[in-house]
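Working notes for the structure below.
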Amino acid sequence: MKKLFFFLLFLVELIPCYAQLYSVTGKINSAADLKGLSFANLRVLNTGIGTASNLDGVYELKLKAEKYKLVASYIGYESDTLQVELSQNIQLNFNLEPIALKIDEITVVPGTNPALAIIQQAIRAKQERNSRLNDYEFTAFTKGIIKTVDDISTNDNSVGIDIGGADTAKLKITGLFENESKGYFKKPDSYKEEIIARKQSANFPSSVNTLTGGRLIQDFYSDDIRFFDRDLLSPVADNAPDYYFFLLQDSLAYGDGKVYKIYFEPDDRSDPGFYGTIFITGDSYNLVKLDININDAANPGGVFTKVNVFQQFVPFHDGIYMPIDYRLFVEGNPLGLFKFGFEFNSILYNYSINSKISEDFFDMSVLTVMPDADKKDTTYWSSIQSIPNTMEETDAYYRIDSLESLPVTFWDRFSFLSERIPVTDNFSITGTMGLYHFNRIEGNGLDFGFYFRRLLDRRLRASLELSNGFADKRFKWDFETRYHLGTYRTHSVSVNAYRRLDVLFNESDEYNTLLPTLTSLFGKYDFKDYYYTDGFDIDLDSEVLPILRLNAGYAYRNYESAVTNSDFSFFNRKKEYDINPAVFETSVNALKAGFLIDFRKYIEDGYYRRRTSLGNSYILFSGDVFMSRKGLFGGQDGIDFDIYRLDVWSKINSVWSTDINVSLKSIWSNDALPYQLMYALPGNIQSLGQDFTFRTVDFADVYGDRVVTLGVKYNFKDALLDKLNVPVLEDLQLLLSVHLNAAWTSVSDKTVQLNSGIIPDDFTEYKRPMVELGFSLGQMLMPIQLEFTWRLNYREENTFVFGINSGVF
């Protein structure tokens, strides 16, 4: 009996506390026609609890068994207060009476704008509010909805778009995401969020659900508003009166008082910003609601046909107004080719304001998915505050789950244009686009690979790639595996064993294998040089501090020269391929070590830590050393040398939402280096270019054992042309960037002597820095940019280069 008692007690302890919450559900209607009021406010008096209704006016509250006064409010309607005493789930409807107010008689002084006076009062109220708000925490429930013309399914390679005829096609819900989160803020800019529970429709992975977290919730009481990587001005920002035009439209009832309805838009319609209506209280001049859109100038490339933001604010502790919801509605139809839409609906409640959150609570993580977030059952979801599903959303869940339950075959996952074909969720093989390659060493080459990922609780991944060249008659293989350790996989052990054909100076190679295949087959031009490598690498990697990652390892490699074996091409058959240069043939036994200092915040998505800048400026430092020793671990072959590298990368936000990207690289060795281990400037081929490459330098043409490079790119985006107000150009949303590159290179006498007969006598060195300067023009929806670059010194050749920058190759 005693054992039974303790067993029953144990079961009672397992019953979660949320079982004691009761549900209050219902609808907030207009009494005039009994139609639901979309996004109406519902507050629990004298608490930090509240919610807002959905699009149909339906709401849901979860409360403990007590007496409450519930207040439903909606602008233009009298508020309604009902008292309830909860001991069970109840249904409670509110019918709000519409009421109209006339605008007070306003004395208009010539040259003044009455709306501007209200806005200036609202800005002062915002400043007062922000001065009293030191920290806060809240709970949020967020629902994300994806809309497309066709269904999106993991059972095939469809992307949910309908090409052609989509202008008249109707969008439908094809994906849903929901989560419950906790948010924390402390002055001046400390922010953290925890996702407590998340679920999504069966056609999307849980990792996508982090997109619906509070990081998307913008607070328009803040001056820091950002859309599509662009800073936009809030209508109550300190300098809003100098940027926006305001028009007083109406005075409406709200609770026991009134609100001013004010329309606004940018003074200059070519300036990026918002337009729409805001509502300011008539007594305290607080912002209580906004219903706004971004204008065409803020619409990147005209991708979106609609970007609407809806947000409401209510007073909580000490009369401080806080957002109670956030709604984002987006629709797009790029170039008229396909339609899409997405919505984010968030309700914010359970506020705790000025509770003196410790600064130690905030760390490098801005978003953490709690370990059991994906394990919440239906009992939990039915017990929390949420946004009731509309009929369309309920039907979409059922339709999507039905589609995902259908049997999946290999051909359902097959796509002719893919590089990899998924066989299962964890296993894929080489796709049709990755089966073939061509170069002048191997001639026609066939490739096939096996790829495993997310094995053993997403800790293990492995791959085996096989390749055979018909001209060099060599079979190559490359095996790699990595095992992650730690709660967020912040440590790893990896092994890589191989016998392969490598690209000479491959660290500077910014191009994939498709481009040399095409240039060889159609132009008889193989711009890459090659050599053979076989050996293995063992590496250890660990995040020892939130900002510091260290790695160490061992490498054994054999290097062998490759020769041109094929003369094949579809065209230019009389033309000959270049002779492939020899390399210094040797073996290497080397120890490796390196570091990465990364000050960016990170997201903990439940499995991994992922760095994010969240639009902020940042800087990264990395470095490594490669130490080759002839007698290491008993090896007798090879030579002794050390290679040191130090890289700095930074992104700096500038005016008008522009930014500057800086890349500084340095490679240094005082020893004689094998030819293939020197560093080459990342150059380009003919009229093609890539970011942070030297446009006036040919591919792998300039190299050294001591090299310093500097790359600077200033992304003006479309801001500069907008500010210049150039007719026609300002409406094209052209993207402008300016790039500057500088390089210093040197080849030591020791390296020249070691590689006698390999390094040409007329190799190029930049004993004083070579500098080039240029600019590029592109358009948001186009995958290419036109580049114009001038060399400022060493002008013997390539003084000016026109090129096309594309990420395709």
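Miscellaneous remarks
- Average Cα contact separation per residue, the stretch 345-501, under 8 Å, 6 or more apart, as relative contact order %: 10 percent
- With 0.36 nm allotted per residue and the present C-alpha distance subtracted, the Phe802-Gln686 stretch has 40.9 nm of extension available.
- Accessible area of the chain belonging to carbon and sulfur atoms, whole % at 1.4 Å probe: 56 percent
- Packing rank of 312-319, 714-721, where each peptide gets the mean count of other beta carbons within 10 Å, highest leading: 714-721, 312-319
- Whole-number D in µm² s⁻¹ for the stretch 719-801, Kirkwood Cα-pair radius fed into Stokes-Einstein, 25 °C, 0.890 mPa s: 152 µm²/s
- Cβ-based net charge around Glu265, under 13 Å, with every Lys or Arg adding one and every Asp or Glu removing one: -3
- Residues with amide H under 5 Å from that of Val423, placed H, sequence gap 5 or more: Ser428, Ile429
- The chain, helix-only ellipticity at 222 nm - DSSP H runs n ≥ 4, -39,500 (n - 2.57), divided by all residues, nearest 500: -3000 deg cm²/dmol
- Proximal lysines to Lys767, defined as alpha-carbon separation beneath 23 angstrom and excluding residues fewer than eight positions away on the same chain: Lys665, Lys750
- Computed on the stretch 478-622, the Cα convex hull volume stands at 158 Å³ per residue.
- Note that the stretch 451-457 has calculated 3J(HN,Hα) couplings of 10, 10, 8, 6, 8, 6, 6 Hz, one per residue in order, obtained from phi through the Karplus relation 6.51 cos²θ - 1.76 cosθ + 1.60 (θ = phi - 60°); glycine and proline are x.
- The chain - accessible surface per residue (Å², probe 1.4 Å): 47 Å²
- Vicinal HN-Hα couplings computed from phi for the stretch 530-535 (Karplus, 6.51 cos²θ - 1.76 cosθ + 1.60; Hz; Gly/Pro x): 9, 7, 8, 9, 9, x
- Cα extents for the stretch 413-516 along the principal axes, largest to smallest and rounded to whole angstrom: 47, 34, 25.
- Here's how it looks for Ser79: its modeled amide H is under 5 Å from those of Gly255, which are all 5 or more places away or on a different chain.
- The residues packed around Phe536, meaning those with a beta-carbon under 13 Å from its beta-carbon, carry a net charge of -1 if Lys and Arg are +1 and Asp and Glu are -1.
- Cα gyration tensor shape of the stretch 649-782, rounded if a/c is under 1.5, else prolate or oblate by comparing a/b with b/c: prolate
- Across the stretch 231-347, C-alpha contacts under 8 Å between residues 6 or more apart give a mean separation that, scaled by the residue count, equals a relative contact order of 15 percent.
- Once C-alpha pairs closer than 8 Å and six or more residues apart are averaged by separation and normalised to the residue number of the chain, the relative contact order reads 8 percent.
- Summed residue charge, Cβ within 13 Å of Val24's Cβ, Lys/Arg positive, Asp/Glu negative: +3
- Placed amide H near Asp671: partners under 5 Å, 5+ positions off or other chain: Asp642
- Sequence-ordered 3J(HN,Hα) estimates for the stretch 124-139 from the Karplus curve with 6.51, -1.76 and 1.60 and θ = phi - 60° stand at 5, 5, 5, 5, 5, 4, 5, 5, 8, 9, 9, 7, 6, 9, 7, 10 Hz, glycine and proline given as x.
- Pairs beyond 18 Å (Cα-Cα), from Lys524/Lys575; Lys147/Lys339; Lys528/Lys713; Lys172/Lys199; Lys67/Lys356; Lys199/Lys375: Lys528/Lys713; Lys172/Lys199; Lys67/Lys356
The values are calculated or read from the model by the stated rules, or taken from the named source; none is laboratory data. Since this is a predicted model, take the numbers as computed values, not measurements. Positions of Cβ are backbone-derived with ideal geometry, glycine not excepted, and every protein chain shown enters the neighbour counts. Only protein heavy atoms, including side chains, enter the accessible area calculation; ligands, DNA and RNA are left aside. Shrake-Rupley method; radii C 1.70, N 1.55, O 1.52, S 1.80 Å.
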